[in-house]
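Novice: Please find one structure pasted underneath; my questions will follow.
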Protein chains: 2
Amino acid sequence: MVREAYKPNVLNGRCPSQQVLDMLADKWSVLVITCLGGETKRYSDLLREIGGISQKMLTHTLRILEQNGLVARKVFPVVPPHVEYSLTVLGTSLKEPLAALCRWAQNHMVEVQAARASYQDGENRKSSSLVA
Amino acid sequence: MVREAYKPNVLNGRCPSQQVLDMLADKWSVLVITCLGGETKRYSDLLREIGGISQKMLTHTLRILEQNGLVARKVFPVVPPHVEYSLTVLGTSLKEPLAALCRWAQNHMVEVQAARASYQDGENRKSSSLVA
């Protein structure tokens, strides 16, 4: 009997692909990978270029991405230590899907803001009709 | 003087597109949108089809997606209440970018698992050389 090949499925809570998605579906992971792009950068470059990230969050995110094989960390034994980060081959294959997600956020932010305002209006009308 | 058009940029911490990315870059948001696809589904369908999601998290995620104009909620005034969810036009435009992300997770989960194991091996070797 031939065993059917296992078909990965993110909707299956026991499939490792759902864990992988969980690691990727994180604003800071997306922004670190986007910011690295095809370049090699220092920690201080990333900290400066990714608006809103804290040192603690950048360190944490780089560690997770390194553990998962998406980012390579190269330490140069000089004083003070010089550390460079770049995408691995695996990380590079994520550039395009994540770029598409970032483009969507950039291209549709006005529509999302309008939808939020309209939802809030509806909620406010409901509350005022309850008070009246 | 013509004012230069504002160019959205997710790397800018004050750009609304970074907030939009934050809302999207969430495992459960991705899975709810993926599970809805082009269909209309009931709450119970989503709860059954999205492995690992709790009722509380599904309710929370649907609310966020509705507030942001990605999911439409239709309530039928019957007893017991019948509620249906579907993607809006805006939400539908996200299907393909999110599908690409899910495909990446499914197609590369084995490589990510291997990278994790290899990283862990490296860490273990470091610890044992310290003990020795």
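Novice: So how far apart, in nm, are the two label points at residue A:119 and residue B:56 if each is 7 Å from Cα heading toward Cβ?
Specialist: 2.0
Novice: According to the square roots a ≥ b ≥ c of the eigenvalues of the Cα gyration tensor, what is the shape class of the protein assembly as shown, taking rounded for a/c under 1.5, prolate for a/b larger than b/c otherwise, and oblate for the remainder?
Specialist: Oblate, because a/c is 1.5 or more while a/b does not exceed b/c.
Novice: Using the Karplus curve 6.51 cos²θ - 1.76 cosθ + 1.60 with θ = phi - 60°, work out ³J(HN,Hα) for each residue of segment B:20-30 in order, rounded to whole Hz, and write x for Gly and Pro.
Specialist: Along segment B:20-30, the couplings run 5, 4, 4, 5, 6, 7, 8, 3, 6, 4, 4 Hz.
Novice: Shifting gears a bit: What angle, in degrees between 0 and 90 and rounded to the nearest 10, separates the Cα long axis of helix B:95-131 from the longest principal axis of the Cα atoms of chain B?
Specialist: 30
Novice: Would you mind checking which residues have amide H under 5 Å from residue A:71's amide H? H placed 1.01 Å from N; only 5 or more apart, or other chain.
Specialist: The answer is A:66, A:88.
Novice: Compute the Cα gyration tensor for segment A:1-98, then decide on rounded, prolate or oblate, letting a ≥ b ≥ c be the square roots of its eigenvalues: rounded whenever a/c is under 1.5, prolate when a/b is larger than b/c in the other cases, and oblate in all that remain.
Specialist: prolate
Novice: Step through the residues of segment A:34-43 one at a time and calculate ³J(HN,Hα) from phi using the Karplus curve (6.51 cos²θ - 1.76 cosθ + 1.60, θ = phi - 60°), rounding each to whole Hz and writing x for Gly and Pro.
Specialist: Here the 3J(HN,Hα) series is 4, 5, 5, x, x, 9, 9, 10, 8, 3 Hz.
Novice: Can you tell me the FRET efficiency between residue B:129 and residue A:14 if r is taken as the Cβ-Cβ distance and R0 is 25 Å, rounded to the nearest 0.05?
Specialist: The pair residue B:129/residue A:14 has a calculated efficiency of 0.10.
Novice: With a 10 Å cut-off between alpha carbons and a GNM built on chain A, which of A:55, A:120, A:19 moves the most?
Specialist: For chain A, modelled as a Gaussian network with Cα springs under 10 Å, the answer is A:120.
Novice: OK, next. Grab the beta carbon distance between residue B:95 and residue A:44, set R0 = 41 Å, and tell me the FRET efficiency rounded to 0.05.
Specialist: Plugging the Cβ-Cβ distance into 1/(1 + (r/R0)^6) gives 0.60.
Novice: Find the centroid of the Cα atoms in segment A:21-77 and in segment B:1-60, then give the distance between the two in whole Å.
Specialist: Computed from Cα coordinates, the inter-centre distance equals 22 Å.
Novice: Moving on. Can you show me the helix-derived [θ] at 222 nm for the protein assembly as shown, built from DSSP H runs with n ≥ 4 at -39,500 (n - 2.57) apiece and divided by the number of residues, rounded to the nearest 500.
Specialist: Per the formula, -19500 deg cm²/dmol.
Novice: Continuing with this model, one more query. Using only atoms on other chains, find how many Cβ atoms lie within 10 Å of each Cβ of peptide A:80-87 and report the average.
Specialist: What the average comes to for A:80-87 is 0.
Novice: Same structure, new question: Using the count of nearby Cβ atoms within 10 Å as a rough guide to exposure, how do B:93, B:17, B:44 rank from fewest to most?
Specialist: The fewest-first ordering by Cβ neighbours comes to B:44, B:93, B:17.
Novice: Lysine pairs in chain B with Cα distance under 23 Å, only those 8 or more apart or on different chains: how many are there?
Specialist: Here the count comes out as 8.
Every number in this text was worked out from the coordinates using simple rules, so none of it is lab data. Bear in mind that the values here come from a model prediction, so they are computed numbers and not experimental data. Backbone-built Cβ (ideal geometry, glycine too); neighbour counts: all protein chains shown.
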